[in-house]
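Read the figures in this text as sums done on the coordinates, not as results from a lab. Because the structure is a prediction, the values reported are computed rather than measured. Ideal geometry is used to build each Cβ from the backbone, glycine not excepted, and the neighbour counts take in all protein chains shown.
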Amino acid sequence: MGLNLARRRAVLLSFAAALLAVPPSASAQAQAAWKPTRPVTIIVPYSPGGGTDVMARQLAKELARRWEQPVNVENSPGADGLIGTRRAIEAKPDGHTFVVQLPSLLLIRHLPTFKGVDPASQLVPVSAYSVLSGVYVANTAIPGNTLAEVAKYCNTAARPCSFGTTENTARLRLKMLQTDIPSMIVVNYKGGGQLITDLLGNNVNIGSMGYTAVLPHMKTGTLKVLMSSGRQRSPVLPDVPTAAESGFPQLTGETWYGLFAPLGTPATITQSVAGAVREALKDEGLLKAFATLGASPIGSTPEEFVRMIREEDERLTGLVRRFPIE
């Protein structure tokens, strides 16, 4: 208990330090003076083909156009996103290496198999660039059109139902769902593409992900959307109920996507990159691509991102106490 509290304090202090490192009185003109002098790498710690990868590539394309430097997206999946994240942690803090991360970053230290320094404390928040609600989907061979109906089937089925996840927050939601489906088996994937393949083959029965990967298969009748995790119904899927409407308010949650830099990256760089992200999010093509994914743009400042992370960390820590991740 004391160790967990110490780790939590360390994370919060690191975020506070990141916030203090950003000079609130610095002018936008001064911050905009920095630009990369060679190709930039954005690490996506998940497999290619999923929403995280697609959004990162759209953002990289616009940043490259503004910086007049190549911005390369490199996928480095594995270990719940830790492999790619460590690559960024070990990179030189000079503004030429970034990593995309999600709220699942804040859960790594809570994993029972994790040992070492919390990766969240070794990164500097730069900018949250989008937010996305997920959907709960099932293979059409599974009886039921709502999560409640599927849960009823799973609780009486001869074989336990399986739930596919791609990141830690989904695993946490699964722990909450297991109060309704105690026999549910969790299957962890390195990326959404692999999860979709197994859902189509009914090798895994239920999954949680962004709706874009599901939409083509929903139209062909091979997968069905049970509910959305958003607070409101998606304009793209207006007939799909929210978690609260489906009787599972505890599964409500939205995922932010953000850029992080190695610890020690100067505030002049993080402010400039955050400004470039905000400008990139004005591009109509990028906004259209995000909308296709069901994502909404954010474009936060480093200070705003630090506050978002702090609030999310407190929320997730409270949930982990109630639903420990195994």
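Of all the options 286, 82, 111, the one that moves most in a Gaussian network model of the chain with Cα springs shorter than 10 angstrom is 111. Between residue 43 and 74, 98, 99, 100, the built amide H atoms are under 5 Å apart, and every one of these is 5 or more places off in sequence or on another chain.
If you take the beta carbon distance between residue 158 and residue 292 as r and set R0 to 56 Å, what does 1/(1 + (r/R0)^6) give as a FRET efficiency, to the nearest 0.05? Efficiency, rounded to the nearest 0.05: 0.90.
A cut-off under 15 angstrom between Cβ atoms defines the neighbours of residue 249, and their net charge, with Lys, Arg +1 and Asp, Glu -1, is +2. Taking amide hydrogens as placed 1.01 Å from N in the peptide plane, the amide H of residue 226 sits under 5 Å from those of 136, 137, 138, each at least 5 positions away in sequence or on another chain.
Spacing of the modelled spin labels on residue 203 and residue 322, each 7 Å from Cα toward Cβ, amounts to 3.5 nm. Helical content of the chain, expressed as a calculated mean residue ellipticity at 222 nm, amounts to -12000 deg cm²/dmol (DSSP H runs of 4 or more residues, -39,500 (n - 2.57) each, divided by residue number, nearest 500).
By the beta-carbon count within 10 Å of each Cβ, the least crowded to most crowded order of 256, 34, fewest first, is 34, 256. Taking every DSSP bridge with both residues inside the range 135-251, close to 55 percent are antiparallel. Residue order for 62, 167, fewest other beta carbons within 10 angstrom first, comes to 62, 167. Rounded, prolate or oblate, given the Cα gyration tensor of the range 43-145, with a/c below 1.5 counting as rounded? It is oblate, given that a/c is not under 1.5 and a/b is not larger than b/c.
Listed values (i) 6, 24, 30, 19, 9, 5, 3, 2, 1, 0, 0; (ii) 6, 23, 26, 19, 13, 8, 4, 1, 0; (iii) 6, 27, 34, 23, 9, 2, 0 include one computed from this model; for P(r) over Cα pairs in 10 Å bins from 0, in percent that value carries the label (iii). Exposure proxy ranking for 55, 308, based on other Cβ atoms within 10 angstrom of each Cβ and starting from the fewest, stands as 308, 55. Does the range 135-251 classify as rounded, prolate or oblate by the C-alpha gyration tensor (a ≥ b ≥ c root eigenvalues; a/c under 1.5 gives rounded; else a/b over b/c gives prolate, otherwise oblate)? Because its axes are fairly even, with a/c under 1.5, the range 135-251 counts as rounded. Close amide-amide hydrogen proximity is noted between residue 162 and 185, 205, 206, each under 5 Å apart and 5 or more residues distant or on a separate chain (H modeled in the peptide plane; Pro and chain starts excluded). For the chain, the relative contact order works out to 27 percent when only alpha carbon pairs closer than 8 Å and six or more residues apart are counted.
Phi-derived couplings, Karplus 6.51 cos²θ - 1.76 cosθ + 1.60 at θ = phi - 60°, listed residue by residue for the range 187-195: 10, 8, 10, 7, x, x, x, 5, 5 Hz, with x used for Gly and Pro.
Comparing 81, 210, 116 in a Gaussian network model of the chain where C-alpha atoms under 10 Å apart are linked, the largest mean-square fluctuation is found at 116.
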